[in-house]
Every structure is written in structure tokens, then in C-alpha cells.
Amino acid sequence: MRVRPSGCFGVMVCLLGCSLAGAQAVAVAGLNDEARGKVWWGHVEYLADPAMKGRLTGSADYLKAAAYVVDEFKSFGLKPAGVDGGFYQPVKFDVQRVLADKSSMNLVVDGRSEPLVLGKDAILGSRSAQKGQVNAPLVFIGYGLHLPEAKYDDFDSAEVPAAELKGKIVVYINGGPADLPGPLKSFARTSPFVKALRDAGAVGAISIPTPKSMDFGWQRVASGASQPGMRLAATADGAAVAAKHPALADDHRPLFSATFNPAEAEKLFAGTGHTFAEILTLADAQRPLPRFALGKSVTASVVGESSQVESPNIVAELTGSDPVLEKEYVLVSAHLDHLGVGAPINGKTVYSGAMDDASGVATVLETARIFSQTKSRPKRSILFVIFTAEEKGLLGSRYFAGHPTVPEKAIKADLNLDMFMPIFPLKKLHVQGLEQSTLADDAEKVGAAHTIVIAVDPEPDRNSFIRTDQYSFVQAGIPALAFKFGWTYGSPEYKAWRGWLAQRYHSTDDDLTQPVDLAAAAQFNAFFADLARTVADDPATPHYRDTSFFKRFEAER
Ligand SMILES: [Zn+2]
């Protein structure tokens, strides 16, 4: 942890004390944690009601939820900070729905074509534009990581040089060798992956999830395949982001993409002298993996429907009190969209997304309420940003990070919420991005004042770092953190977390009937509002550490 100059430390402690006293004395006079938790849960009850039909990006239901958020922001006296003097920032998307019943995929071995069953053996991807027809040999490239800066490249190895990937479909599994840092492995799953695929002249990719990387069973993975995939529209908006921040842009050129069921993956490895079981054992121990041609081809015919939708981000401002620092912004953010209506699970078809992420939106609203009921405004301005299309690939936040409605360089930090998981008492928080920037010092200081242990993500192979909206800001060079209730392995809390993922994550069971610890949620909300104020009042500007791999994006701002 960076040691602060003593004067600065003194200011921090005072402000922390002031904000605690101010916020809690005014806002929650007479209310205990449980009662404040109920106020927070009231927002979740509205947003995750079955009538809200899962708030799908582009739907009328999403707009209804957005109108609620805007009304709440108005009630807390926040200023509109979207486009054209309003709270909204519209975003356009290209939509692709893959029709599995009209598509086909076959494995060709020794000239014999064996049909694969879509849904059982594999699913076709809907996020990147699919190629209509594909016929290409398969090459296994281990973890599929392209990280020349770490002198590691599965796309150009001694066993399989880059030239041998031209015209091929690469097959890879999740994870990576132990000596690469978790956030770096996660980074390699984003824009560097598609770039490496393009540069090698490959025609597509098949990923095989590993048990460690799967939050739920194959059945739920397969039922998600009917969901529409989205990209930032290829028209002007997407291109503008691409020019300014290539890492935030979508690649619109067609590529074949599929996910293979790990339970069926031995058929890809048969006859190669390797087994999938052997590969999994190595991957589980984070050991290096062999790369080799699989001696088979895939032929596929992919039928899809394309369309366009528009859906807004929501942006509101609390102007800072300091004449200089008010021109700078600290973002507090969460995503409003979820999965809409889909395949029935436990007799329910609405994917309500109560934890994912109505809970985070509710905390952004609670943060606005706490600030509105605190006498002194923070020094920097606070921007309350609610994203659309997170579930489609962090699209709303990528658009906002590339096209902010305030001057880009004025954004100094993002504190993001996505499923912060108040399902057991709050003792510890797992924080994404903690190793990267000086925001860690603020988080640790405020955590100590609230007797909350601040810790790094103990499960980097889940790639949480790149799976929530804070990552869009990392790619734009802005220090960013995201938060989840923490646990220790083997504890009842760990079992509750794993059980939640297995039963409720991206399921119809993430609804209002689930257990929630209201007091713990309220304690988290108090911590979060204090953290936002602490960052906003800190005379020092948050920045990436020299040791952070992601400092490169800050340098490019
Ligand atoms: Zn989600």
C-alpha cells in the first residue's frame, strides 16, 4: 500500500468522519441497518418485478425501468448530464439472433462428416458477426492467450507457428499458466484475442469452458444461446469509438464462433495422442499446455437474423463544491439491463436480474439519496451513470467510456457495482482492479473505518475483471474498481456464493423470492457512499500504479 503524505492522511480522516456523521445523522435518523436495507430493497422490488420482464436492452420494459431511475435521480435533486440537456444517452446496437434449428455444425474426421447436435455438443456464438458457411481444419492452441508484452503467445508457438493458423479454426480452453497475473490473462480474452485471430488469418474460434471457469452447468449455457447477441452499431458511433479507443470498439468482420460442451470435448481430441482429460488436469494446475493440430475439420452453416435497436445509458450529476475540483468527475455506476424473457427454468420465464444488477442500480440510487441528505457536497462532481447492454458485452459502458457526456479527461475514477452480493454478513469485499491503481488506498482506508477487509479477487480464472463495466474504464485509462462481498474458501459464505452462482446466476431464480441480508446491504451502501466521497474529496488525483500493466491506457489518454 502506498504511504500517503501525513497532511493528506489527516484530511482523509477528517472527511471520512464528516461524511459518516453527516450522511448517517441526517439521512437515517432513527433508522437501523435493516430499515435502511429495506429502502434499498424497495428499488430492487420495483426494477426486478416480474412485470418489468427482465429489462432487456432495447425493450419497452428497459425504458420503463429507466424512467423510474430518472424519476429517482430527479427526486434527489441531481442535474441531467446525458445528451441534449436530458438524463439519457441513446446508444445504437447491431443485433444478431442465431437460429440453431436452421443452422448446422459437423465434425469431419478422415473425410467422414459426423453431425454435432447444437445445444448438446456445442452452441454457436451470437456476439460477433457469424460467417454463413465455414469449412476449416481445427488447431488446438492451449489457452489461446496472445500477450507479447509478457513474452507469451499461444498464437505463435514453437509447436504451432502463426503461419499454420491461416484459414484454420483455433480451439482453446479458459485459464492460463500460473506465472501470468490474473488481470493480464483476463485482458487477453478481450480485444487482443480478436486481433491475434485476425492477424493470424484464422477464420474462427471454438472455446471449451473448464469446470473452474463455469459458474453454472452446460444446460444453462445452452439455454442462453437463443439470446440475441449485440454489438455497438457499425455506423458512425461504433467507428468513432474505434478510432479513439480501439480496445473499446467491436470488430464487425465475420468470424465463426462456437462454445463446445466440455462433457463432449473428447471427440475433438480423439486420435491426437492427447485427451481432453489430460489437458484439463494440466489447466487445473495452471501448467503450460501443448499446442497441436486436431486432425479434424468443422463444417458449419450458420443462419441468423440481424436487426438494430437503440437503448439509453442514464447520466446524472451532483456538482462538486470546490471551484477547481468541481470540473472533475468521480463516477458511480451500475447496469440496468438484464436478460429479458427466455427459456423456462423452474416454471419461470422472466429473468428478473434482482442481484444482476437491480441491486447495483439500487445502491447507486441510495448513494444519490445519501449525498442529497448530506449538508456538504463533495469537492469533485459525482456522476451517477446507469448503463445499458452490459449483459451483451459491456456495450453501454464501452460506449460511454468512448463517448462520455462530460469532457473525457475530466473523468478521474469509476466505482462500479455489479452483483455485489449481500447474501451474508459483510466482513470482507473482493475488489476488482485493486492491484492496479491508487484507488486501492482509498478503498482500504474507508474499509478500515467500516471494519471491512478489502481483498483482491481470489478466483481470477472466473475472469470477473473483464466481466463488469469497470473494465470499460480500465481500457479508457481511468482508474476503476468493482466490488463483491468476500468470503474465505470452505466457509458457509463461500458455499452460499457458489450455491447462488449454480442456482440463480443468469437464471429465473435471480428474483425477488431469494434470501437477502438487508442489514449487510445497508452497511455496504454506507461504505460505498463514503468511498465515493473520499475519492471525490482527495486532493490527490487517482492514478494507475507504475507496476500496473494497464497504465499504458492511462498514458494514451
Ligand atoms: Zn449478468
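One table, with the values for the structure above:
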{"read-out": "Residue pairs meeting the criteria (Cβ under 9 Å; at least 6 apart or on separate chains; first at positive phi and open to solvent by 10 Å² or more (accessible area, probe 1.4 Å), in the range 390-413; second assigned to a loop (DSSP other than H, G, I, E, B) and within 16 Å of the ligand (Cβ to nearest atom))", "value": "G393/R127; L394/R467; L394/T468; L394/D469"}
{"read-out": "Wholly within the range 323-391, strands (runs of 3 or more DSSP E) carrying at least 2 residues that are among the aromatic types (F, W, Y)", "value": "381-387"}
{"read-out": "Unique residue being under 30 Å from the mean Cα position of the chain (by Cα) and touching a residue at least 40 places away in the same chain (Cβ under 8 Å) when the list is A293, A283", "value": "A283"}
{"read-out": "Members of the range 375-421 that are more than 18 Å from Q432 (Cβ to Cβ), within 16 Å of the ligand (Cβ to nearest atom) and of a type in the set (A, V, I, L, M, F, W, C)", "value": "I386, A389, L395"}
{"read-out": "Residue among A265, A239, A225, A258 that alone is modelled with pLDDT under 80 and of a type outside the set (V, I, T)", "value": "A239"}
{"read-out": "Residue, farthest from A51 (Cα to Cα), within the range 526-557, restricted to residues that are in a helix (DSSP H, G or I) and touching a Pro at 6+ places or on another chain (Cβ under 7 Å)", "value": "D537"}
{"read-out": "S464 vs. criteria in contact with a Lys or Arg (Cβ under 9 Å, 6 or more places away or on another chain) and open to solvent by less than 10 Å² (accessible area, probe 1.4 Å)", "value": "no"}
{"read-out": "Those residues of the range 316-342 which are open to solvent by 10 Å² or more (accessible area, probe 1.4 Å) and within 16 Å of the ligand (Cβ to nearest atom), in sequence order", "value": "L339, V341, G342"}
{"read-out": "Subset of the range 175-196 that is out of contact with any helix residue (DSSP H, G or I) (no Cβ under 8 Å at 6 or more places or on another chain) and assigned to a helix (DSSP H, G or I) - its residue that is surrounded by the most Cβ atoms within 10 Å (Cβ to Cβ)", "value": "A196"}
{"read-out": "Condition met for S333 (at pLDDT below 95 and of a type in the set (S, T, N, Q))", "value": "no"}
{"read-out": "Candidates R97, R55 - the one that is of a type in the set (D, E, K, R), touching an Asp or Glu at 6+ places or on another chain (Cβ under 9 Å) and crowded, with 23+ Cβ neighbours inside 10 Å", "value": "R55"}
{"read-out": "Top-ranked residue in the range 482-504 [being open to solvent by less than 30 Å² (accessible area, probe 1.4 Å) and aromatic (F, W, Y); ranked as farthest from the ligand (Cβ to nearest atom)]", "value": "W487"}
{"read-out": "Of all residues making up the range 280-311, the number that are under 30 Å from P228 (Cβ atoms) and open to solvent by 70 Å² or more (accessible area, probe 1.4 Å)", "value": "4"}
{"read-out": "Output for the range 353-366, where each listed residue is within 12 Å of the ligand (Cβ to nearest atom) and either open to solvent by 10 Å² or more (accessible area, probe 1.4 Å) or touching a Leu at 6+ places or on another chain (Cβ under 9 Å) (or both)", "value": "G353, A354, D356, D357, A358, S359, G360"}
{"read-out": "Hey, T275 farther than 30 Å from Q219 by Cα and hydroxyl-bearing (S, T, Y) or not", "value": "no"}
{"read-out": "Cβ pairs under 9 Å, 6+ apart, first in the range 447-467 and part of a helix (DSSP H, G or I), second aromatic (F, W, Y)", "value": "G447/F527; A449/F527; F465/F187; F465/Y471; I466/F187"}
{"read-out": "S104 being closer than 20 Å to F269 by Cβ, open to solvent by 40 Å² or more (accessible area, probe 1.4 Å), at pLDDT 95 or above and of a type in the set (G, A, S)", "value": "no"}
{"read-out": "Considering residues of the range 107-143 that are under 16 Å from A205 (Cβ atoms) and among the hydroxyl-bearing types (S, T, Y) only, the residue least open to solvent (accessible area, probe 1.4 Å)", "value": "Y143"}
{"read-out": "Of all residues in the range 153-174 being assigned to a helix (DSSP H, G or I) and of a type in the set (G, A, S), the one that is surrounded by the most Cβ atoms within 10 Å (Cβ to Cβ)", "value": "A162"}
{"read-out": "Test result for Q523, over 22 Å from A51 (Cβ atoms), open to solvent by 10 Å² or more (accessible area, probe 1.4 Å) and within 16 Å of the ligand (Cβ to nearest atom)", "value": "no"}
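Yes/no per residue for (1) in contact with a Phe, Trp or Tyr (Cβ under 6 Å, 6 or more places away or on another chain); (2) at pLDDT below 90; (3) not charged (D, E, K, R):
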{"site": "N135", "(1), (2), (3)": "no, no, yes"}
{"site": "G142", "(1), (2), (3)": "no, no, yes"}
{"site": "L147", "(1), (2), (3)": "no, no, yes"}
{"site": "S157", "(1), (2), (3)": "no, no, yes"}
{"site": "K166", "(1), (2), (3)": "no, no, no"}
{"site": "V171", "(1), (2), (3)": "yes, no, yes"}
{"site": "A178", "(1), (2), (3)": "no, no, yes"}
{"site": "F187", "(1), (2), (3)": "no, yes, yes"}
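The values are calculated or read from the model by the stated rules, or taken from the named source; none is laboratory data. Here the structure is a predicted model, which means the values were calculated and not measured. Note that we place each Cβ from the backbone using ideal geometry, even for glycine, and neighbour counts take in every protein chain shown. The accessibility values were calculated without ligands, DNA or RNA, using every heavy atom of the protein model including side chains. Shrake-Rupley method; radii C 1.70, N 1.55, O 1.52, S 1.80 Å.
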